[in-house]
Structures are given as C-alpha cells and as structure tokens.
1. Go through the stretch 5-44 residue by residue and tally those that are open to solvent by 90 Å² or more (accessible area, probe 1.4 Å) and either touching a Ser or Thr at 6+ places or on another chain (Cβ under 7 Å) or touching a residue at least 60 places away in the same chain (Cβ under 8 Å) (or both).
2. Can you work out which of the residues in the stretch 152-173 that are at pLDDT 95 or above and over 11 Å from the mean Cα position of the chain (by Cα) is surrounded by the fewest Cβ atoms within 10 Å (Cβ to Cβ)?
3. Among the residues of the stretch 176-196 satisfying the criterion of being of a type in the set (D, E, K, R) and touching a residue at least 24 places away in the same chain (Cβ under 8 Å), which is farthest from residue 29 (Cα to Cα)?
4. Of the residues 110, 47, which is farther than 17 Å from residue 231 by Cβ, open to solvent by less than 80 Å² (accessible area, probe 1.4 Å) and of a type in the set (Ser, Thr, Tyr)?
5. Give 70, 62 a once-over and let me know the one that is part of a helix (DSSP H, G or I) and either surrounded by fewer than 21 Cβ atoms within 10 Å (Cβ to Cβ) or at pLDDT below 95 (or both).
6. Among (1) under 22 Å from residue 192 (Cα atoms); (2) crowded, with 18+ Cβ neighbours inside 10 Å, there is one condition residue 115 misses while meeting the rest; what is its number?
7. Is one or more of the residues making up the stretch 10-18 outside any strand (DSSP E or B), modelled with pLDDT of 95 or more and among the β-branched types (Val, Ile, Thr)?
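The values are calculated or read from the model by the stated rules, or taken from the named source; none is laboratory data. Computed from a prediction, not measured in an experiment: that's the story for all the values here. Glycine also receives a Cβ, built like all others from the backbone with ideal geometry; neighbour counts cover every protein chain displayed. Just so you know, the surface numbers come from the protein's heavy atoms only, side chains and all, with ligands and any DNA or RNA stripped out. Shrake-Rupley method; radii C 1.70, N 1.55, O 1.52, S 1.80 Å.
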Amino acid sequence: NEGVQISEEEDVNALPQPDAALTQLTMRAFDFSSGFIKVSEQLNRDSIVSLDLLVAQMIGERLGRIKLRRATLGNGTTQPGGVVTQAAAGVNAAVAAAISPDDTIRLQHSVDPMYRGNGLYMAHDLVIQALRLLKDTTGRYIWQSGLRDGVPDTINGQGIIYNQYMASTIATTQITMVYGDFRYYKVREVSTIKLKKLTERFAERLQIGFMGYQAMDSRLQRWTAAGPCPVKRLTQP
C-alpha cells in the first residue's frame, strides 16, 4: 500500500492507479452464559452481605473468563476468532524447551515496523516467569528494572499482557507468545451483561437461581496475509 512519486507537470492520470484491496470483516454475536448460581433462601435471608452484589461479581468473572478464552483461542467459525488462532506465523524458537532473548527480538522484528510503535507482547504468567529468570553470560537477570519494581515492565522496550489462556508450558508445538499491535484486534460486545433472577425454578429446594448472559464476537483485522499481519506468533519447534 504505497503511493508514487510524480514529476513537475506530470499527468497524474497517466500513472498506475491501484485500487485499495478491501475485504469484509463480519462480526457475529455468539452467546455466552454464566450458568446457574443457586443461593438458598436461608442464606439469602441471614447473610449480612448483599448476595445480589456478590453473585453479580461472580457472574461477571465467569463471563469474563469464557470470553477471554474464546478471544484467545476461538476457532473463528463456531466461536469468536481468537487472537492466537488468527495471528500469522512469526518465528520459531531456537529450541523446543526454552525461549531466549534472541527469540523475543526475532518475534518483534517479524512484525512490520508500522505496527511495532504500539506493539505489546502477550504470554501466560508461567512463560513470563521463565523470561524473568533469564540471565546474561555474567549471571545477571536481563530485566533489571523489573527486579526493582517487582515485575518486568517491558520486554525489548515494550509492554507485556498476561493471559492465562495461552500455553503455560514451553514445549514442542506450543505457541508460547504473540506480539504485535492489538488495536487491530476487534471485539464486539452486544449490549451489556443481562442478569436473570429465577425465584420459582428452584423453589421446591428453597433456592434462588441467578444467571448472566452476553453475546460477543472478535476478529483480527488483516490476518489473512502473513506479511502485513499486525500480530504474529512465537512457536516452539
């Protein structure tokens, strides 16, 4: 996607006029449910805390976790498109059971420089732990600033996203890290979380049922072509 240079008084209409290549990104609405959370009438009566508020927080966590799982690993057909699934192949690690500093640099440079200004790394907490334990040839930890502050603030000068639905082990075929500009990963949430309070369904057991649901979909823009893809993967060989 590049313009052309023109000379003085040159007829612009005589130059090549490439059309922009556009494709349609369809965002659907996949439904997610928290499942029932049942509370006894006795507990609801005797509790000194607001059970409605507590249950609402539990519902929000349940929905947040399943949506994050699908936004990470979804197949893009019967599920939302996961960012790991749709990211382009970036680089393979040098060895199957480890990630080296060189691997993180090569992954960073596998992404077009246009997308690196807002680039972020994403990995499971245990993979980030392995990165924190990396040392140079003199035995010093690589991320000294992270040791001072408690966690590594950056890798190669760029931030880290913790995602517990990514691979937690560094082993053959595992996608252990992704890197890129996540602003191109689009999430559609349909309305807000809807809450249902069922006072009759479980009445014979003196229970109240709570349930929450929401619809969402997610897709990575420009993911069909490896070259310009804004997010790429690090895979263990």
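1. Number of matching residues: 4.
2. This residue is 173.
3. Taking the candidates together, the pick is 181.
4. 47
5. 62
6. (1)
7. No: zero hits.
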